[in-house]
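Where a number appears in this text, it was derived from the coordinates with a stated rule and is not lab data. Everything numeric in this text was worked out from a predicted model, so none of it was measured. Here the Cβ is made from the backbone with ideal geometry for all residues, glycine too, and neighbour counts use every protein chain on show.
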Amino acid sequence: MKADITAFLHKTTCTITYVVADPASAACAVIDPVLDYDAKSGRTATASADEVLAFITRNGLKTAWILETHAHADHLSAAQHLRAHSGPGAKLGIGAAIPEVQETFAGIFNLGPEFAADGSQWDHLFEDGGTVPLGALTIEAMHTPGHTPACVCYRIGDAVFTGDTLFMPDMGSGRCDFPGGSAAALYTSVQRVLALAPETRVFVGHDYGPGGRPIAWESTVAGQRADNIHFRDGTDAEAFVAMRDARDGELELPNLILPAVQVNIRAGAFPPEEKNGLSYLKTPLNAL
């Protein structure tokens with residue numbers, strides 16, 4: 001079955017948020033929503049998320065799920081804002097391995113016992129192969145570790161949403177040098193995606209327009225297998241791991257990794273307010 005898919009580009013972080021709707025029931029899922037954040041002032045805003053909400057309202061859709069492909073390091077999640085403005089039925093979901101990521105960063109940020117590193121901040125943790133309904137459609141999670149240990153891709157109808165696991169063919173794949181990342185694991189994960197039907201539509205989590213081409217976010221499994229610079233047919237695991245590890249060694253960390261991870265391991269919630277009514281983000285020195 002074919003879902004109606006609408007993409008929203010967050011230009012500051014080059015993140016693509018998706019609204020995935022079942023045309024038969026008007027139920028929809030929002031994948032990877034973005035909260036606007038100004039690092040200089042520490043101010044947040046909801047203009048990008050409100051654009052998504054306005055689209056949902058304008059088209060008579062009902063949000064059933066707000067899904068994260070992983071705990072992002074390059075933007076803050078707007079999941080809490082969307083749920084607060086989506087009615088009582090909207091649920092938050094992420095991959096079942098998220099506690100591993102939470103435990104790692106709870107140590108880095110020295111979070112106290114008040115932080116539960118058990119995934120309880122979400123309504124549903126998707127096991128590999130786990131499914132939930134979306135109207136007449138089905139959301140199926142594929143555990144695809146590599147970029148992070150807890151990454152998932154979501155299959156909905158004839159489409160798969162890959163987050164940072166697989167990018168457009170001329171961009172290749174996501175980095176694997178964050179805590180718990182593994183190029184070998186990513187290779188195995190991507191083989192599962194590329195084993196889907198050739199006509200499966202592939203929707204990526206980011207695009208940066210390499211070479212100055214227009215920003216794009218949709219390809220197919222067949223197109224990925226033919227043209228992906230990291231994963232075209234015939235690329236073996238050893239060659240990929242060597243390339244990915246060398247490439248990752250040249251990359252700078254994302255600009256927002258420290259604020260983003262602290263919010264995103266809380267399902268988009270801010271750290272608890274302190275006695276003065278303000279919420280604070282920590283900056284650990286020499287930790288990453």
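Residue by residue, the range 195-200 carries 3J(HN,Hα) couplings of 7, 5, 3, x, 7, 4 Hz when phi is fed to the Karplus relation 6.51 cos²θ - 1.76 cosθ + 1.60 (θ = phi - 60°); x denotes Gly or Pro. Centre-to-centre separation between the Cα atoms of the range 215-288 and those of the range 1-35: 20 Å.
Once backbone amide H atoms are built at 1.01 Å from N, Ser86 has no partners under 5 Å, excluding neighbours fewer than 5 places away on the same chain.
Bridging of Lys40 to lysines at a Cα separation below 24 Å is possible for Lys11, Lys275, Lys282, once same-chain residues fewer than 8 apart are set aside.
Extending 7 Å from the Cα toward the beta-carbon at both Asp170 and Ala47 defines two label points whose distance is 2.9 nm.
Rounded, prolate or oblate: pick one for the range 23-94, where a ≥ b ≥ c are the square roots of the eigenvalues of its C-alpha gyration tensor, a/c under 1.5 means rounded, and failing that, prolate if a/b is larger than b/c, else oblate. Judged from the Cα gyration tensor, the range 23-94 comes out prolate (a/c at least 1.5, a/b above b/c). Here the Karplus relation 6.51 cos²θ - 1.76 cosθ + 1.60, evaluated at θ = phi - 60°, turns the backbone of the range 12-20 into coupling constants of 5, 10, 6, 8, 10, 9, 10, 9, 10 Hz, with x for every Gly and Pro. With contacts taken as Cα pairs under 8 Å at a separation of at least 6 residues, the range 4-252 carries a relative contact order of 14 percent.
Ordering Thr283, Thr235, Thr148 from the fewest to the most neighbouring beta carbons within 10 Å gives Thr283, Thr235, Thr148. The charge dipole of the range 45-168, taken about its Cα centre with unit charges on the Cβ atoms of Lys, Arg (+1), Asp and Glu (-1) only, comes to about 460 debye. When +1 charges are put on Lys and Arg Cβ atoms and -1 charges on Asp and Glu Cβ atoms, the dipole computed for the chain relative to its Cα centre reaches about 560 debye.
Taking a ≥ b ≥ c as the square roots of the eigenvalues of the alpha-carbon gyration tensor, the range 154-200 is classed prolate because a/c is 1.5 or more and a/b outweighs b/c.
For the range 193-258, GluC sites (Glu not before Pro) are listed when DSSP marks them as loop and at most 15 other Cβ atoms sit within 10 Å of their Cβ; the list is Glu199, Glu250, Glu252. Scanning residues 5 or more positions from Ile66 or on other chains, those with amide H under 5 Å from its amide H are Val30, Lys91, Leu92, Gly93, with H placed 1.01 Å from N in the peptide plane. Computed per residue of the chain from DSSP H runs no shorter than four, each worth -39500 (n - 2.57), the mean residue ellipticity at 222 nm is -7000 deg cm²/dmol. Using the Cα gyration tensor of the range 103-219, with a ≥ b ≥ c the square roots of its eigenvalues, what is the shape: rounded (a/c below 1.5), prolate (a/b larger than b/c) or oblate (neither)? Since a/c reaches 1.5 but b/c is at least a/b, the shape of the range 103-219 is classed as oblate.
If both residues of a DSSP beta bridge must be in the range 40-188, then about 70% of such bridges are antiparallel.
When the charge dipole of the chain is built from unit charges on Cβ atoms (+1 for Lys and Arg, -1 for Asp and Glu) and taken about the Cα centre, the candidate among Leu278, Leu53, Thr138 whose Cα reaches farthest toward its positive end is Leu53.
Could you pull out every residue, at least 5 positions away or on a different chain, whose amide H is within less than 5 Å of the one on Thr144? Hs are placed 1.01 Å off N in the peptide plane, and Pro or chain starts have none. Residues meeting the amide H criterion: Cys151, Val152, Cys153. Among Leu186, Thr220, Ala29, whose Cα sits farthest toward the positive end of the charge dipole of the chain (+1 at Cβ of Lys/Arg, -1 at Cβ of Asp/Glu, about the Cα centre)? Positive-most Cα among the choices belongs to Ala29. Here the alpha carbons of the chain define both size measures, Rg and Dmax, at 18.1, 59 Å.
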